[in-house]
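K.L.:
Would you mind keeping the following structure in view while I ask a few things?
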Amino acid sequence: MSSKQPALVPPEHLPLRPLWLCRACGQPWPCGRAKLALLTSYQDSRLNLLLYLSGRLHEAIDDLRRLNPSTTGDVRNLFDRFLGWPARHRGRRPSTAEPQTPEET
């Protein structure tokens with residue numbers, strides 16, 4: 001577990017490294033709950049969110065490539081997984097009234 005993890009990400013939805021799956025739900029990290037927590041934590045600074053996720057992206061690429069270089073494949077999927085969703089959710093703020101989570105696309 002990295003000390004760089006924002007305080008508002010529920011501890012059970014942290015990445016399980018080196019697989020980069022959510023510790024709680026087993027989905028690719030960041031899972032929907034982690035995304036919601038990250039959006040809330042970084043709601044006043046989208047740039048800091050992107051910088052944080054960029055660092056995690058590079059760590060994930062390194063970890064996954066070390067695990068199995070032949071299946072890491074096209075890093076475009078990893079780029080979208082870590083950095084694509086904040087761009088798609090630009091300007092949207094999580095609502096506490098509707099507990100929906102950002103979906104993987």
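Computed from the coordinates by the stated procedures, all read-outs in this text should not be read as laboratory data. Note that the structure is predicted; figures quoted are calculated from it, not measured.
K.L.:
How large is the direction-averaged shadow of the alpha-carbon convex hull of the stretch 14-85, in nm²?
P.N.:
4.4 nm²
K.L.:
Cys22's amide H: which non-local residues (gap 5+, or another chain) put their own amide H closer than 5 Å, with H modeled 1.01 Å from N in plane and none for Pro or chain starts?
P.N.:
So Cys22 has HN proximity to Leu16, Gln27, Trp29.
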